[in-house]
Amino acid sequence: MPTERVTTVVIGAGHTGLAVSSMLTARSIEHVVLERGEVANSWRRERWDSLRLLTPNSQSRLPGYRYQGTDPDGFMTMPEVVDFIAGFAAASAAPLRTQTEVTHVRAAGDGYRVATSQGDLACRTLVIASGACNVPVVPAVREGVPASVACFTPFDYRNPASLPEGGVLVVGASATGVQLADELARSGRRVLLSVGEHVRLPRTYRGRDVLWWMEASGIWNQRYDEIDDVERARKLPSPQLIGSPQRATLDLNALAAAGVEIVGRLAAIRDGRALFSGGLRNQFALADLKMNRLLESFDEWALRAPELAVAPPERFEPTRVPNAPRLSLDLGSGEIRSIVWATGFKPDYRWLDLPVLDRKGRLQHDGGVVAAPGVYAIGLPMLRRRKSTFIHGAEDDARDLVEHLAASL
Ligand SMILES: Cc1cc2nc3c(=O)[nH]c(=O)nc-3n(C[C@H](O)[C@H](O)[C@H](O)COP(=O)(O)OP(=O)(O)OC[C@H]3O[C@@H](n4cnc5c(N)ncnc54)[C@H](O)[C@@H]3O)c2cc1C
């Protein structure tokens, strides 16, 4: 069969691939969007049952398409997110090929050869929108976990009934870890939460959602080439936030009050004992300091916008340091029966056969312009702006990248 030719291939029909597609359509650039599953596949297959977006509905915005409901301060459930993204795919008439997995990409002639589960394509330009969170990251210490303790990642956790009866150690206190620790504690489980570097935020500040402040004050619009240490900013953990109908704050004080035992960073597992680092006081002080600095920057911005109707400044109780936090846990004692590794995610580029990955397998790019002619990436942390991985962040990044792509054609 002759190989099908197309100007641009977009890999992935999550919200970023679809945002790029809508911009390509607007410029009449011929393209296809290849998706291994269905539209919004990650939200359909890789999330737990109770998850809601932590970004408010008012920030569910894609090019020419936005949340139209009556609750701008609410948070979408997973079926609602899937409907929202599928609605955008339909409204933008994306040229979709679902159930089409990209298995290999290599350079060929003046473009690329894309092998898929449905046959090969040849293209001049390529957009990698395959996601930043394809695989859960589990640290090497997992090797030391005894067989009597079951290990889970956020990909195989659906609800508390997914885990065997008994206590749970949740490792990692970013958005995923704090949400799962909270849900498990509320289900009546004994829960220990192992906390390393983290980002503390209140859900609301001066009467508005904290993420409203991030957007309105311009922080989320900061560009990757204006930030001193972009590599560090790209590795920042996700904030301790939950999207709940109560608009509740879910910081470590709230978790401790709900009965979660806070322990230090999991440093090692030796002879069946988990060893936690003793630096909780410092970790807490640092997270509190950074939160307060951020709130101060909101206050400074609000002073320059006197027309804003916001409540007076607030400050929050420092994170309470537990009395004598334990430094080790015998994993064989039966006190806990499972571990949930909420230790982050990473992309999966096993199909990408181009010299564009560094030694740790990370994609090398400059604001989404990949180091291979005509190849682009979108949806990665701080790709072009602080907001790059969020739904409302896709539009500006997609516009910039499609402009570059059009010029390269
Ligand atoms: C637990 C969790 C909670 C989050 N909460 C929020 C939130 O509240 N608000 C917010 O704005 N953002 C949130 N995010 C971040 C945001 O969802 C992600 O950044 C987003 O999913 C990225 O969109 P994307 O389109 O780039 O990737 P994805 O949505 O992951 O889409 C990538 C698509 O590519 C497909 N694909 C991958 N590999 C291949 C292949 N080889 N061939 C064909 N198709 C392929 C996948 O099936 C998938 O459909 C959250 C992320 C996670 C993990």
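The values are calculated or read from the model by the stated rules, or taken from the named source; none is laboratory data. Please read these numbers as outputs of a predicted model, since none were measured by experiment. Backbone-built Cβ (ideal geometry, glycine too); neighbour counts: all protein chains shown. Accessible surface is based on the protein model in full, side chains and every heavy atom, while ligands, DNA and RNA are left aside. Shrake-Rupley method; radii C 1.70, N 1.55, O 1.52, S 1.80 Å.
Calculated FRET efficiency, R158 and L409, Cβ-Cβ r, R0 30 Å, to nearest 0.05? It comes out at approximately 0.10. Under a 5 Å amide H cut-off, with hydrogens placed 1.01 Å from N, R61 pairs with H392 among residues at least 5 apart or on other chains. By DSSP, the beta bridges lying fully in the chain are antiparallel in about 45 percent of cases. Largest accessible area first, the listed residues F345, F152 line up as F345, F152 when surface is computed with a 1.4 Å probe on the assembled protein chains.
Cα convex hull, the chain: 155 Å³ per residue, rounded to a whole number.
Based on DSSP H segments of at least four residues, each scored -39500 (n - 2.57), the chain has a per-residue ellipticity at 222 nm of -7500 deg cm²/dmol.
Note on D229/F316: beta-carbon distance plugged into 1/(1 + (r/R0)^6) with R0 of 35 Å gives a FRET efficiency of 0.85. For the stretch 209-261 versus the stretch 76-120, the inter-centroid distance based on Cα atoms is 30 Å.
Placing dummy labels 7 Å off each Cα toward the beta-carbon, the span from K290 to T70 is 4.0 nm.
Element breakdown for the stretch 103-166 at a 1.4 angstrom probe: carbon and sulfur atoms account for 52% of the accessible area. Look at the alpha carbon pairs under 8 Å that are at least 6 residues apart: their mean separation over the length of the chain gives a relative contact order of 23 percent. FRET efficiency for the S297 to A371 pair, using the beta carbon distance and R₀ = 35 Å, is estimated at 0.55.
Can you list the residues of the stretch 341-370 with backbone N under 15 Å from a point 7 Å past the Cα of T3, pointing along Cα to Cβ? From the stretch 341-370, the list is 353-354. In the stretch 90-247, if the dipole is taken from +1 on Lys/Arg beta carbons and -1 on Asp/Glu beta carbons about the Cα centre, which of G131, G218, S187 is farthest to the positive end? Sorting the options by dipole projection puts first S187. Note that the stretch 272-280 has calculated 3J(HN,Hα) couplings of x, 10, 7, 10, 9, 6, x, x, 4 Hz, one per residue in order, obtained from phi through the Karplus relation 6.51 cos²θ - 1.76 cosθ + 1.60 (θ = phi - 60°); glycine and proline are x.
Restricting attention to the chain, the count of lysine pairs at 8 or more positions apart or across chains with alpha carbons under 16 Å apart stands at 5.
For the stretch 252-310, the share of accessible area belonging to carbon and sulfur comes to 52 percent (1.4 Å probe, ligands and nucleic acids excluded).
Find, among the trypsin sites (Lys or Arg not before Pro) in the stretch 7-74, those assigned to loop by DSSP (not H, G, I, E, B) with at most 16 other beta-carbon atoms within 10 angstrom. Before the final figure, lay out the partial values.
On the way: sites: R27, R36, R44, R45, R47, R52, R61, R66; in loops: R27, R36, R47.
Sparse-neighbourhood loop trypsin sites (Lys or Arg not before Pro): R27.
Place a +1 charge on the Cβ of each Lys and Arg in the chain and a -1 charge on the Cβ of each Asp and Glu, then give the dipole magnitude about the Cα centre in debye, rounded to the nearest 20.
Result for the chain is approximately 560 debye, rounded to the nearest 20.
The residues of the chain present an accessible area of 45 Å² per residue when probed at 1.4 Å with all protein chains retained. For S162, the accessible surface of its heavy atoms amounts to roughly 40 Å² (probe 1.4 Å, protein chains only, rounded to the nearest 10).
For E226, the accessible area of its heavy atoms, probed at 1.4 Å with every protein chain present, is near 120 square angstrom.
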